[in-house]
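Okay, structure first, notes after.
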Amino acid sequence: MLNFMRKHAQSWLIKVAFVVIIVVFVFWGVGSFRARRALVLAYVNGEPIYYHEFTTMFRQVIDSYRARFKNFNEDWIKKLNLKQTVLEQLIERKLLLQKAKKMGLTVSDTELWQLITQNPAFQKDGQFDPKRYETILARYHYTPAQFETSLKEDLILSKLRQIVQNLAHVSEAEAYEAYRWSHQKINLQFLSFNPEDFTKGLHPKEDILKQYFTEHKGDYLIPRQLKLVYVKISFAELMDEVEPSQAEIEQFYKNNLEMFHEPQKVCVRHILFRVPANASKEKKEKMRKRAEMVLKQAKQGKDFAKLAQKYSEDKATASKGGDLGCFPKGLMVKPFEKAAFSLPKGGISDLVTTRFGFHILKVYDIKKERTKSLAEVKEKITQRLKREKAKEKALELANRIYAQAILENSLHKAASKYNRSIQETSYFSEKEWAVEIPVQLKQQILSLKKGEITAPLEWHQGYILVQVEDKKPERIPTFEEVKETVKADWIAIEAKNKAREKAENVLALLKKGQSMQEIASRYKLKIDETGLFPPGIIPKIGFALDVVKSVFSLSLNQPLLDKVVEINGKFYILKLKERRDVDKAEYERNKKNFKKDLLIQRRAALFQTWINEIRKQAKIKVKQEMLQ
């Protein structure tokens, strides 16, 4: 169709048709959002997961990452496999809801309403506020019906999780064995063999290299390459060209008053006396007396900030005189919050007990609940409206350029007509993606043929249009093109084989009873030690789970590991030198908290195993192409 239209682009009929296309692109954009919403992304036992469910959750995940990590960019989406992760979560949720339905699990309207009305975020002056509820939901693009359906499902899943996890238990013997394993320590002696030390004297002849290249041609495949021309339309660039009116600013303010609402806040300094969860009664009482001594000084009028600097065990705030700043309800642990909001300005609390220990609080200011004035937030609103207008203008411009590019069969000409600069990449491959092109566009671009143009594609900085200027198919290079690379690869493999062979020969001598010191002296090897360490990363060596399990199974009667191990490209011979087992009395002191933590882990593992079994039996069909 497009080829036909390009071929006859000069006819008056086709020109009229393109005018219609341009109008459609400008006012409606590319594609149909409503049609997209109705698309099914996956089926789980016959029940659909709609594409719009995926995009909503994916957007929330992206927003969460951007809020937590300032350097978050599009590369993270691929590295963290976020699209697939979100889809897996939706599939898991659907499976669990199906299982809960079969089990007859429900949530009553009373349960649901209690949870909503008791949420401080939806309250005003301690009471549920329907208007506040609807305003907050609207801010996050939810209707009450959507939110309540989602919340009801969350509650059902919570009940299901609790039923399954309650099947897990930890016996006394299991707890002790787990504690003994995780808290034991060993010290290893080791000999290392680095392939880099075995490259000397490796000078392969060309016929050997050619033979190696012939046998490994696939390793040197040059992937398909492409060259692009593109136009970027930046939101930031267009912000200077738009300006909201005073009426628009005022209307936004009136429609979003909840956005500018500030709840009551208290400004607090505190002094913390830490008490470990497993502390003895004697230690707790000793710490309480110390806290009461400092409390007495504070109530006698001594400088609270100086007392905090001297006595507080909260390292983050002690140097600042214990200043926690100002905070609303809902951020602190309940006992702390209750004490803070019950004090007058300048008031000092009695001892407040939390899971962290004992606190002494002083309220140095109270900020009343209020709604910021328009004057205070005008600049913030202005910038938000400018961004929105800039996005609209960018999309309109991108659609105009795209329609013109299709008409002209040239992004160059279309960009020129709208006074936009066009840029081009050098040749690049899928594995070494061009840094100028957002990585999330990869699949759309790779599917294009030479000369084809993408519709406007959005990324976090604006819109981009891309045309494939040239494509080179994948190919096997000639030997001469990769000769040096082949030589380096051959040497690396030969050196690795020599290092492994040397390690195996030395291990054979050790197994025959020769001492490590004698062998090290003869072959000029260095005997090193890890020092005592618990199961995990092996100091000076690295981590390999199977090796860790093996070395912790060694005994002083049979200290030598009976095989050479490879970790991070080096070869090692390992021998147990020292073992430090767990003291039973130490276990008894820590048993309560350890068993609690172990039970939490067991419950999580049991639930995940149960989910995996459900998934094995499920019929799941995913349209993976829709994730591209």
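The values are calculated or read from the model by the stated rules, or taken from the named source; none is laboratory data. What you see is a predicted model; the values in this text were computed from it and never measured. We place every Cβ from the backbone using ideal geometry, glycine too, and count neighbours over all the protein chains shown. Side chains are part of the model used for accessible areas, which takes the heavy atoms of the whole protein and leaves out ligands, DNA and RNA. Shrake-Rupley method; radii C 1.70, N 1.55, O 1.52, S 1.80 Å.
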> Residues of the stretch 141-154 being over 21 Å from THR609 (Cα atoms) and assigned to a helix (DSSP H, G or I), which ones?
Replying inline: PRO144, ALA145, GLN146, PHE147, GLU148, THR149, SER150, LEU151, LYS152, GLU153
> Which number in (1) open to solvent by less than 20 Å² (accessible area, probe 1.4 Å); (2) β-branched (Val, Ile, Thr); (3) within 38 Å of the chain's Cα centre (by Cα) marks the one condition that THR485 misses?
Replying inline: (1)
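To keep it simple, each residue is scored yes or no on (1) within 32 Å of the chain's Cα centre (by Cα); (2) over 20 Å from ASN590 (Cβ atoms); (3) open to solvent by less than 60 Å² (accessible area, probe 1.4 Å); (4) in contact (Cβ under 8 Å) with a residue 24 or more places away in the chain.
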residue	(1), (2), (3), (4)
TYR142	yes, yes, no, no
GLU148	yes, yes, yes, yes
LEU155	yes, yes, yes, yes
GLN165	yes, yes, yes, yes
SER182	yes, no, yes, yes
PHE198	no, yes, yes, yes
> Say we look at the stretch 318-350 and pick out the residues that are more than 22 Å from GLU292 (Cβ to Cβ) and among the small types (Gly, Ala, Ser); which of these is modelled with the lowest pLDDT?
Replying inline: GLY330
> Out of the stretch 294-344, which residues are assigned to a helix (DSSP H, G or I) and among the basic types (Lys, Arg)?
Replying inline: LYS296, LYS299, LYS306, LYS310, LYS315, LYS334, LYS338
>> Checking ASN187 against (1) closer than 30 Å to ASN590 by Cβ; (2) modelled with pLDDT of 95 or more; (3) open to solvent by 40 Å² or more (accessible area, probe 1.4 Å): exactly one of these is not met. Which one?
In response: (3)
> Across the stretch 597-620, which residue is nearest to ILE91 (Cα to Cα) among those that are among the basic types (Lys, Arg) and surrounded by 13 or more Cβ atoms within 10 Å (Cβ to Cβ)?
Replying inline: ARG615
> Of all residues in the stretch 441-482 being open to solvent by less than 70 Å² (accessible area, probe 1.4 Å) and hydroxyl-bearing (Ser, Thr, Tyr), which is farthest from SER429 (Cα to Cα)?
Replying inline: TYR463
> Can you name every residue in the stretch 61-84 that is out of contact with any helix residue (DSSP H, G or I) (no Cβ under 9 Å at 6 or more places or on another chain) and either open to solvent by less than 60 Å² (accessible area, probe 1.4 Å) or at pLDDT below 85 (or both)?
Replying inline: ASP63, SER64, ARG66, ALA67, ARG68, LYS70, ASN71, LYS79
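Quick grid of which residues meet (1) in contact with a Lys or Arg (Cβ under 7 Å, 6 or more places away or on another chain); (2) modelled with pLDDT of 90 or more; (3) closer than 21 Å to ARG224 by Cβ:
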residue: LEU395; (1), (2), (3): no, yes, no
residue: ASN399; (1), (2), (3): no, yes, no
residue: GLN404; (1), (2), (3): yes, yes, no
residue: HIS412; (1), (2), (3): no, yes, no
residue: LYS417; (1), (2), (3): no, yes, no
residue: ILE422; (1), (2), (3): no, yes, no
residue: LEU446; (1), (2), (3): no, no, yes
residue: GLU452; (1), (2), (3): no, yes, yes
residue: GLU458; (1), (2), (3): no, no, no
> Of (1) within 30 Å of ARG387 (Cβ to Cβ); (2) outside any helix (DSSP H, G or I), LEU226 satisfies all except one. Which?
Replying inline: (1)
>> Among the residues that make up the stretch 256-264, is at least one of them touching a residue at least 60 places away in the same chain (Cβ under 8 Å) and within 16 Å of LYS345 (Cα to Cα)?
In response: yes
>> Being over 20 Å from TYR463 (Cα atoms), under 35 Å from the mean Cα position of the chain (by Cα) and not aromatic (Phe, Trp, Tyr) is the filter here; which residues of the stretch 208-258 pass it?
In response: GLY218, ASP219, LEU221, ILE222, PRO223, ARG224, GLN225, LEU226, ASN255, ASN256, LEU257, GLU258
> Is it fair to say ALA291 is touching a residue at least 60 places away in the same chain (Cβ under 8 Å), part of a loop (DSSP other than H, G, I, E, B) and over 28 Å from THR371 (Cα atoms)?
Replying inline: no
> Among helices (runs of 4 or more DSSP H) lying entirely in the stretch 51-125, which contain 1 or more residues that are in contact (Cβ under 8 Å) with a residue 40 or more places away in the chain and closer than 28 Å to GLU337 by Cβ?
Replying inline: 109-117
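So that you can scan it fast, the table gives a plain yes or no per residue for (1) within 30 Å of CYS267 (Cα to Cα); (2) under 32 Å from the mean Cα position of the chain (by Cα); (3) assigned to a helix (DSSP H, G or I):
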residue	(1), (2), (3)
HIS359	yes, no, no
LYS362	yes, no, no
ILE366	yes, no, no
GLU392	no, yes, yes
ASN399	no, no, yes
ALA405	no, no, yes
HIS412	no, no, yes
VAL435	no, yes, no
LEU441	no, yes, yes
> Restricting the stretch 342-360 to residues that are touching a residue at least 24 places away in the same chain (Cβ under 8 Å) and among the charged types (D, E, K, R), which is most open to solvent (accessible area, probe 1.4 Å)?
Replying inline: ARG355
>> Of everything in the stretch 253-268, what is among the aromatic types (Phe, Trp, Tyr) and buried (at least 17 other Cβ atoms within 10 Å of the Cβ)? Give them in sequence order.
In response: TYR253
> Of the residues LEU191, LEU202, LEU137, LEU155, which is closer than 30 Å to LEU598 by Cβ and not polar (S, T, N, Q)?
Replying inline: LEU155
>> Just the residues that are assigned to a loop (DSSP other than H, G, I, E, B), open to solvent by less than 40 Å² (accessible area, probe 1.4 Å) and more than 21 Å from PRO195 (Cα to Cα), please, taken from the stretch 536-560.
In response: GLY536, PHE552, LEU554, PRO559
>> Quick check on my filter: what residues within the stretch 307-327 are open to solvent by 60 Å² or more (accessible area, probe 1.4 Å) and under 19 Å from ASP365 (Cβ atoms)?
In response: LYS320
